[in-house]
Amino acid sequence: MVKAERVCKRFGSVEVLKGIDLEVQSGEVMCVVGPSGSGKSTFLRCVNHLEKVNAGRLWVDGQLVGYRQKGDKLYELREKEVAAQRRDIGMVFQRFNLFPHMTALENVMEAPVRVKGENAKEVRIRAGELLDRVGLGAKSGSYPAQLSGGQQQRVAIARALAMKPKLMLFDEPTSALDPELVGEVLDVMRDLARDGMTMIVVTHEMGFAREVGDSLVFMDDGVVVEKGVPLDVLTSPQHQRTKAFLSKVL
Ligand SMILES: Nc1ncnc2c1ncn2[C@@H]1O[C@H](COP(=O)(O)OP(=O)(O)OP(=O)(O)O)[C@@H](O)[C@H]1O
Ligand SMILES: [Mg+2]
């Protein structure tokens, strides 16, 4: 579903991604951990082309992200084509970014109706079902300010799912939450994984990574230091840098 080949990204003279090679199979959950500034968010942003890579290639579902290949040459896609690619990828951030003037239901309905031009009646039904699925059926008429952080994040997940994505990217979805609200969001993500959604999850929740992740990637300073079965990486890391990081967070 996702393939990264020698992906490089720099901001000015600072190299933030130094040749990332990764693959995520359809239905797999890949968790990504690493110290602050190691390039985790930047990598996710490259996957849905919020950032342009400087070198290397990225594919999502067999499609080259942001470019079209003709013979040996790459041609940049137009903004409209990029937007179309991005539509198939759901992204959930640390900050929920819900529209404050819209109810939970309206937040979930917004993109399918406005961006995809889907029938509002049908979308309303689907949005209701999605809110049920994240345990918020009773809150569909509430505004973000009337919801807890955990509830807002679950609305944000429902909103991403409303676009029927083939891939979901999570960037520290629980790190802005009070500890007692983390579990409810992880539960929703666990269900999503069980239903076969392909996911890349940047997280500090090692328990989640071990239990739900099919693979665990440790990034440091713009490179993938180590990747493997989560339990293996967590219990017997092969690299000194991984050991040092884990000893701080476990
Ligand atoms: N738009 C930008 N312009 C310049 N530098 C940037 C930009 N975005 C990120 N960086 C730099 O790239 C590096 C990697 O940032 P990134 O946000 O990917 O790290 P991260 O692993 O997600 O960290 P954190 O755990 O703190 O979220 C950092 O040094 C950051 O300052
Ligand atoms: Mg980040």
In the set 237, 230, 165, 173, the lone residue that is more than 16 Å from ligand 2 (Cβ to nearest atom) and closer than 17 Å to residue 47 by Cβ is 165
Scan region 1-14 for residues that are more than 9 Å from ligand 1 (Cβ to nearest atom) and either crowded, with 20+ Cβ neighbours inside 10 Å or in contact (Cβ under 8 Å) with a residue 60 or more places away in the chain (or both) and jot them down. 1, 2, 4, 7
Scanning region 36-51 for residues that are part of a loop (DSSP other than H, G, I, E, B), within 14 Å of the chain's Cα centre (by Cα) and over 16 Å from residue 10 (Cβ atoms) gives 48, 49
So residue 41 passes all but one of these: (1) hydroxyl-bearing (Ser, Thr, Tyr); (2) surrounded by 15 or more Cβ atoms within 10 Å (Cβ to Cβ); (3) away from ligand 2 (no atom under 16 Å from the Cβ). Which condition number does it fail? (3)
Search result, residues across region 1-35 that are within 15 Å of ligand 2 (Cβ to nearest atom) and assigned to a loop (DSSP other than H, G, I, E, B): 34, 35
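Is at least one residue of region 155-175 in a helix (DSSP H, G or I) and without any contact (Cβ under 8 Å) to a residue 40 or more places away in the chain?
First, pick out the residues of region 155-175 that are in a helix (DSSP H, G or I): 155-161.
Those still in the list that are without any contact (Cβ under 8 Å) to a residue 40 or more places away in the chain too: none.
Among the residues of region 155-175, not one is in a helix (DSSP H, G or I) and without any contact (Cβ under 8 Å) to a residue 40 or more places away in the chain, which makes the answer no.
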What is the number of the single condition among (1) surrounded by 17 or more Cβ atoms within 10 Å (Cβ to Cβ); (2) of a type outside the set (A, V, I, L, M); (3) at pLDDT below 95; (4) away from ligand 2 (no atom under 16 Å from the Cβ) that residue 96 does not meet? (4)
The conditions are (1) surrounded by fewer than 15 Cβ atoms within 10 Å (Cβ to Cβ); (2) touching a residue at least 12 places away in the same chain (Cβ under 8 Å); (3) over 30 Å from residue 194 (Cβ atoms); (4) of a type in the set (Gly, Ala, Ser), and residue 26 fails exactly one of them. Which is it? (3)
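Can you tell me which residues in region 189-209 are free of Cβ contacts under 8 Å to residues at least 60 places away in the same chain, hydrophobic (A, V, I, L, M, F, W, C) and more than 15 Å from residue 93 (Cβ to Cβ)?
Here is the first cut: in region 189-209, the residues free of Cβ contacts under 8 Å to residues at least 60 places away in the same chain are 189-192, 194-195, 205, 207.
Right, trim to hydrophobic (A, V, I, L, M, F, W, C) and you get 189, 192.
The one that is free of Cβ contacts under 8 Å to residues at least 60 places away in the same chain, hydrophobic (A, V, I, L, M, F, W, C) and more than 15 Å from residue 93 (Cβ to Cβ): 192.
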Residue within region 58-71 that is modelled with pLDDT of 95 or more and within 13 Å of ligand 1 (Cβ to nearest atom) present: no
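Name the one entry in 44, 22 that is within 11 Å of ligand 1 (Cβ to nearest atom), of a type in the set (A, V, I, L, M) and under 26 Å from residue 75 (Cα atoms).
On the way: 22 fails: within 11 Å of ligand 1 (Cβ to nearest atom).
None of the others qualify; the one that does is 44.
The values are calculated or read from the model by the stated rules, or taken from the named source; none is laboratory data. Every value quoted in this text rests on a predicted model; they were computed, and no experiment measured them. Using ideal geometry, Cβ is built from the backbone for each residue, glycine included, and neighbour counts are taken over all protein chains shown.
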